[in-house]
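This report concerns only the one structure given below.
The values are calculated or read from the model by the stated rules, or taken from the named source; none is laboratory data. Being a predicted model, the structure only gives us computed values, none of them experimental. Neighbour counts run over all protein chains shown; Cβ positions are idealised from the backbone, glycine included. Note: accessible area is taken over every heavy atom of the protein model, side chains too, but ligands, DNA and RNA are not part of it. Shrake-Rupley method; radii C 1.70, N 1.55, O 1.52, S 1.80 Å.
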Amino acid sequence: MNKLLIAILLAIIVLSCSDGDQLKNKSGQTVRQWWKEGTLYQIYPQSFKDTDGDGFGDFRGIIEQVNYLEQLGITAIWMNPFFESPMVDNGYDVADYRAINPRYGTMKDFEEMVRVLNDGGIKFILDVVVNHSSNQHEWFIEASRSRDHKYHKYYHWWYAENGEPPHRHSLFDPEGGWDYVEAVNAWYLHTFAEEQPDLNWENPELRREVYEIMKFWAEKGVGGFRMDAFQFASKDTTYPEFPEGHEKNFIQWYGMRPQLHDYLREMYTEVIEPYHVFAVAEGAGSTFQDAHDLVDADRKELQTAYHFEYVDMSRTPEGYELSDFKQVFTRWDSAFAEDGWLAIFLSNHDNARLVDRFGNTSPEFRTLSVQMLNTFLLSMRGTPYTYYGDELGMTNIDMPSIDEYVDVDALGKYKAALASGQNLDKFMEELNYSSRENARTPMQWDDSENAGFTSGTPWKRVNPNYKEINVAAQEADPQSVLNHFRRMTRLRNENLVLVYGTYDMILDDHEEIYAYTRILEDDRLLVLLNFSDDKAMADLPNEVEIGATLINNYESDPFKGNNKVVLEPYQAVIAELR
Ligand code: GLC
């Protein structure tokens, strides 16, 4: 379809909307937004493309690959933090929010990168890490010297004259969430590593600093913000004792206090609205109500958020049940069918690779299963987030020994396993499978040394399967994961039904097939996904009448007449419904 035709069709759809139409909200306003229609691509900057041979990816590498990014059909890039940092948590410990870590380039390089991306129709989403700073940030250095310094109140303290602080769990530090600083005779709080002290959002001066930082980047052309770990920005600072085992419901106890919404509304008025930028939060609270309170448009807080329920179900080698997967997605979708908008992702820098967790890594099924998962991701309602390398089917790397690990999370867990006398072989087996380091290996561009990622020594070992899984090889193969991904983004970009259409699961109890319809006015699509490594059969409801097939990762037609479908292993099909 050419662009003019699409524009005319869209205009007709929008003009003909009456009450209850899917492109309008309850108050009758049109709800079309770029951040709903686009596909976000996440880049882990140190692993994407190195141009100066220091072994770390850089901004110039992204500039060099802008054609690749454009051809992916994505519309925005979220990049993990690239600010000045001691890199205890690979940049999630920021020492200066306005300065760039020189390994990635200069401010000029950054500006050029954003310009080049914008020219290619790609917005840039900045990772804002303001639940905590680095302990090397000037604010914390001063805060730890004197209780009288204005920066002291930028952090959370428990003063020694009140005795020992009540236990607080830390996500990265097995010794707990408080650390003592002698100069001020007090403990500071850290939800993550001890080098990541939590910022005190109750202090309006701190909040003002953050908004100024966000404005600084918005003025550089940034199109949106990803708010890192933001649900923890508001906590109960009366610090009551928490019951034993509470950390299993971490968010409920450690974050999402009512003030969070006040902060977000303030941020919206100060930054989001005047700069026409978008914001997505990591985390969506622990209930649908929490999530709605964050993202419903009339509340003017955030545009979207992402939750972890389905990602959490695949953290161990035992895997997951398709029935749970279907149920989780369907539940979340129905809770947001009328109001609010969510992000959809299956992988990111905090999880092992997509294909290892949700697909099948065997040579026979790797390509097919990733194609099927990407078809899923790009055909659901919600904004899809794709993590770099998943458009190729990059896999976990084998790291059986703890000596190779550098991640603060992995090292913290190892320390805890040692201290509690866990079976270390079993622990290492699980870590090898689930560690987020699996997802941080260099991008596999071609089959030359170091996968074409760097001419130097890569900061992290390249996955040895790069000779087989790489961009160059997949460019040349029309049936590759990469070319399938491009076909899927094109399909989504050209069919608003895949963005705004209703979602309805069919064949609810089928054990191998996940099937659903997407419907927007007269556009009606059926998505059929075989999640198993076997042929799967089903009878479609009688009223279903199949039209043209729009995407299929096999040559074979799954529709057999009499409303029977037979799907090959990991077959993924999207067809029109008459
Ligand atoms: C978020 C990030 C993660 C980081 C943590 C602390 O969860 O996604 O990578 O380690 O926050 O900033």
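Does ASP350 satisfy being more than 16 Å from the ligand (Cβ to nearest atom) and not hydroxyl-bearing (Ser, Thr, Tyr)? So ASP350 fails the test.
Listed here are the residues, each with its yes/no results for (1) closer than 28 Å to TYR500 by Cβ; (2) open to solvent by 20 Å² or more (accessible area, probe 1.4 Å); (3) within 16 Å of the ligand (Cβ to nearest atom).
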residue	(1), (2), (3)
ALA305	yes, no, yes
PHE308	yes, yes, yes
GLY319	no, yes, no
PHE345	yes, no, yes
GLU364	no, yes, no
ASN374	yes, no, no
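For the range 441-458, the set of residues classified as within 16 Å of the ligand (Cβ to nearest atom) and surrounded by fewer than 20 Cβ atoms within 10 Å (Cβ to Cβ) is empty.
Scoring THR51 on the criteria (1) open to solvent by 50 Å² or more (accessible area, probe 1.4 Å); (2) within 14 Å of the ligand (Cβ to nearest atom); (3) of a type in the set (Val, Ile, Thr) leaves a single failure, condition (2). The residues in the range 82-94 that are open to solvent by 30 Å² or more (accessible area, probe 1.4 Å), touching a helix residue (DSSP H, G or I) at 6+ places or on another chain (Cβ under 7 Å) and either more than 12 Å from the ligand (Cβ to nearest atom) or assigned to a strand (DSSP E or B) (or both) can be counted, and the count is 0. Does at least one position in the range 460-470 carry a residue that is farther than 18 Å from TYR387 by Cβ and of a type outside the set (Lys, Arg)? Yes, some residue in the range 460-470 is farther than 18 Å from TYR387 by Cβ and of a type outside the set (Lys, Arg). Among the residues here, MET79 qualifies as within 13 Å of the ligand (Cβ to nearest atom) and either polar (S, T, N, Q) or open to solvent by less than 20 Å² (accessible area, probe 1.4 Å) (or both).
Here GLY340, GLY285 are screened, and the one residue that is within 16 Å of the ligand (Cβ to nearest atom), within 19 Å of LEU260 (Cα to Cα) and open to solvent by 10 Å² or more (accessible area, probe 1.4 Å) is GLY285. When the range 410-427 is limited to residues that are surrounded by fewer than 19 Cβ atoms within 10 Å (Cβ to Cβ) and in contact (Cβ under 8 Å) with a residue 40 or more places away in the chain, the one that is farthest from the ligand (Cβ to nearest atom) turns out to be ALA419. Does any residue of the range 259-281 turn out to be open to solvent by less than 30 Å² (accessible area, probe 1.4 Å), in a loop (DSSP other than H, G, I, E, B) and over 19 Å from ILE125 (Cα atoms)? So far as the range 259-281 goes, no, none of its residues is open to solvent by less than 30 Å² (accessible area, probe 1.4 Å), in a loop (DSSP other than H, G, I, E, B) and over 19 Å from ILE125 (Cα atoms). Between GLY57, GLY73, GLY105, GLY61, the distinction of being more than 16 Å from the ligand (Cβ to nearest atom), buried (at least 21 other Cβ atoms within 10 Å of the Cβ) and free of Cβ contacts under 8 Å to residues at least 24 places away in the same chain belongs to GLY61 only. Scoring TYR97 on the criteria (1) more than 16 Å from the ligand (Cβ to nearest atom); (2) more than 26 Å from LEU378 (Cβ to Cβ); (3) assigned to a strand (DSSP E or B); (4) open to solvent by less than 20 Å² (accessible area, probe 1.4 Å) leaves a single failure, condition (1). Here are some residues: TYR514, TYR570. Which one is crowded, with 19+ Cβ neighbours inside 10 Å, touching a helix residue (DSSP H, G or I) at 6+ places or on another chain (Cβ under 8 Å) and outside any loop (DSSP other than H, G, I, E, B)? None of the other options fit; the residue is TYR514. Candidates are the residues of the range 100-114 that are part of a loop (DSSP other than H, G, I, E, B) and touching an Asp or Glu at 6+ places or on another chain (Cβ under 6 Å); the one that is nearest to PRO204 (Cα to Cα) is ASN101.
GLU430 meets the conditions (1) without any contact (Cβ under 8 Å) to a residue 24 or more places away in the chain; (2) part of a helix (DSSP H, G or I); (3) open to solvent by 40 Å² or more (accessible area, probe 1.4 Å) in every case but one. The failed one is (1). Scanning the range 115-163 for residues that are assigned to a strand (DSSP E or B) and more than 16 Å from the ligand (Cβ to nearest atom) turns up LYS123, PHE124, TRP157, TRP158, TYR159. Within the range 389-408, does at least one residue satisfy the condition of being of a type in the set (Ser, Thr, Tyr), surrounded by fewer than 21 Cβ atoms within 10 Å (Cβ to Cβ) and more than 16 Å from the ligand (Cβ to nearest atom)? The answer is yes, given that some residue of the range 389-408 is of a type in the set (Ser, Thr, Tyr), surrounded by fewer than 21 Cβ atoms within 10 Å (Cβ to Cβ) and more than 16 Å from the ligand (Cβ to nearest atom). Set side by side, the residues GLY359, GLY452, GLY421, GLY456 differ, and just one is at pLDDT 95 or above and out of contact with any helix residue (DSSP H, G or I) (no Cβ under 9 Å at 6 or more places or on another chain), which is GLY421. Looking at this structure, is THR386 modelled with pLDDT of 95 or more, open to solvent by 40 Å² or more (accessible area, probe 1.4 Å) and not acidic (Asp, Glu)? So THR386 fails the test.
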